[in-house]
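**Q** The structure follows.
Values quoted throughout were computed directly from the atomic coordinates according to the rules given, and no laboratory measurement underlies them. It should be emphasised that the depicted structure is a prediction, and the values quoted were computed from it without experimental measurement. Glycine gets a Cβ as well: all are built from the backbone with ideal geometry, and neighbour counts include every protein chain shown.
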Amino acid sequence: MTELTWGVALVIVGTYLWKLAGLSVPQTVLEHRVTLAIAALIPVAFLSALVAVQTFADGTTLVLDARLVGVGVAAILLWLRVPFLPMLIAAAASTALVRLFF
């Protein structure tokens with residue numbers, strides 16, 4: 001067996017054991033106030049990290065380009081509670097205009 005096969009097998013076993021450990025957690029722990037609060041914030045943290053990586057990274061280098069303008073416009077419009085579709089169009093248009101002129 002190759003190293004890749006061993007690695008895949010290790011990930012499979014580890015994933016199964018992680019799932020089994022999650023199923024064995026007592027219900028009182030899962031319904032605890034702090035656990036519920038943390039579970040509600042995890043998707044927000046992952047999505048924020050994804051947006052940051054896609055905005056500021058190009059491979060392994062840090063870049064500041066037109067994407068930063070688009071994210072900035074989107075953030076301001078979301079703060080102003082503009083609906084999603086107009087915000088998306090404005091962010092895409094501002095990014096395109098920055099790329100066109102700079």
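**Q** Once a ≥ b ≥ c are taken as the square roots of the eigenvalues of the Cα gyration tensor of the stretch 1-52, is the result rounded (a/c under 1.5), prolate (a/b larger than b/c) or oblate (a/b not larger than b/c)?
**A** Working: a/c = 7.18, a/b = 1.45, b/c = 4.96.
It comes out oblate by the Cα gyration axes.
**Q** What does the extension gain come out to for Val29 and Val53, with contour length at 0.36 nm per residue minus their alpha carbon separation?
**A** On the way: separation 24, 0.36 × 24 = 8.64 nm, distance 3.28 nm.
Value of the extension gain: 5.4 nm.
**Q** Then there is this: Which of the chymotrypsin sites (Phe, Trp or Tyr not before Pro) found in the stretch 1-89 are in a DSSP loop and have at most 13 neighbouring Cβ atoms, other than their own, within 10 Å? Numbers along the way, then the final one.
**A** Details: sites: Trp6, Tyr16, Trp18, Phe46, Phe56, Trp79, Phe84; in loops: none.
Filter output for the stretch 1-89: empty list.
**Q** Quick one, can you get me the convex hull of the C-alpha atoms of the chain expressed as volume per residue in Å³? Could you put the intermediate results ahead of the total?
**A** Working: hull volume 18.3 nm³, N = 102.
Per-residue hull volume (Cα only) is 179 Å³.
**Q** On a 0 to 90 degree scale, rounded to 10, what angle separates helix 66-79 from the longest Cα axis of the chain?
**A** With both axes taken from Cα atoms, the answer is about 80 degrees.
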